[in-house]
Amino acid sequence: GTCEREMNGHHWDVKCCQWHPTRPIILSGGKDHKTKLWDAKTGTCLDTIHAHKNTVRCLAWGVNGNWFVTGSRDQRLKLYDIRKTSEALQQFNGHKSEITALAMHPQHETLLVSGDYNGSIFHWAVGSEEPVAQRMAGE
């Protein structure tokens, strides 16, 4: 295939990217600690979010397309609303090592799961400060 569009704006490695579930928007995260929203049609950067203090390793869109979650080497997850990205709706704390995987539930937009470098998995609910469930590495 041929490259349809090149988008430049991250200052280091891009570590993750995700298509919006219904719109021509791409979400990207990188080693520059930033998350970016891109117009897939024009290649224009729509927004830059200085979300984390370390590499953004993973991203996920909520089923409704309004929310997205970022996961980082700083051991935190952050939930954002695409309509107001100036601050996170919620921060999820609990991991003891860098977050390497995350997913939002395909039907219940308030549920998500994350995994880390040490092998721990956490199940989260939006609005709750503590994980709903967790499986620590080695259990």
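The values are calculated or read from the model by the stated rules, or taken from the named source; none is laboratory data. None of these values were measured; they are calculated from a predicted model. Note that we place each Cβ from the backbone using ideal geometry, even for glycine, and neighbour counts take in every protein chain shown. Quick note on the areas: whole protein, heavy atoms, side chains included, nothing else; ligands and nucleic acids left out. Shrake-Rupley method; radii C 1.70, N 1.55, O 1.52, S 1.80 Å.
Taking every residue in the range 61-86 that is without any contact (Cβ under 8 Å) to a residue 24 or more places away in the chain and pairing it with any residue that is buried (at least 17 other Cβ atoms within 10 Å of the Cβ) and in a strand (DSSP E or B), at least 6 positions away or on another chain, the pairs with Cβ-Cβ distances below 8 Å are Asp81/Trp67. Being of a type in the set (A, V, I, L, M) and open to solvent by 30 Å² or more (accessible area, probe 1.4 Å) is the requirement here; does Met104 meet it? No; evaluated as a whole, the condition is false for this residue. Counting only strands (runs of 3 or more DSSP E) that sit completely within the range 47-88, those holding 2 or more residues that are open to solvent by 10 Å² or more (accessible area, probe 1.4 Å) correspond to 56-61, 76-81.
Taking every residue in the range 111-124 that is under 15 Å from Ser72 (Cα atoms) and pairing it with any residue that is open to solvent by 60 Å² or more (accessible area, probe 1.4 Å), at least 6 positions away or on another chain, the pairs with Cβ-Cβ distances below 6 Å are Val113/His123; Gly115/Ile121; Ile121/Arg135; Phe122/Gln134. Considering the conditions (1) under 15 Å from Ala51 (Cβ atoms); (2) modelled with pLDDT of 95 or more, Glu87 is excluded by exactly one of them, (2).
Annotation note: of Gly127, Gly119, Gly43, the sole residue that is assigned to a loop (DSSP other than H, G, I, E, B), more than 13 Å from the chain's Cα centre (by Cα) and closer than 28 Å to Glu6 by Cβ is Gly43.
A single entry from Thr44, Thr70 fulfils the requirement of being among the hydroxyl-bearing types (Ser, Thr, Tyr), at pLDDT below 95 and closer than 23 Å to Trp19 by Cβ: Thr44.
Applying a threshold of 9 Å to beta carbon distances and a minimum spacing of six or more residues, or different chains, the list of pairs starting in the range 29-54 at a residue that is touching a residue at least 24 places away in the same chain (Cβ under 8 Å) and within 12 Å of Thr85 (Cβ to Cβ) and ending at one that is in a loop (DSSP other than H, G, I, E, B) and open to solvent by 40 Å² or more (accessible area, probe 1.4 Å) reads Lys34/His11; Lys34/His50; Thr35/His50; Lys36/Met7; Ile49/Ser86; Ala51/His33. Each residue in the range 1-40 was checked for being open to solvent by 30 Å² or more (accessible area, probe 1.4 Å) and in a strand (DSSP E or B), and 6 pass. Look at (1) touching a residue at least 24 places away in the same chain (Cβ under 8 Å); (2) open to solvent by 60 Å² or more (accessible area, probe 1.4 Å); (3) of a type in the set (Val, Ile, Thr) and you find that Val132 fails only one, number (1).
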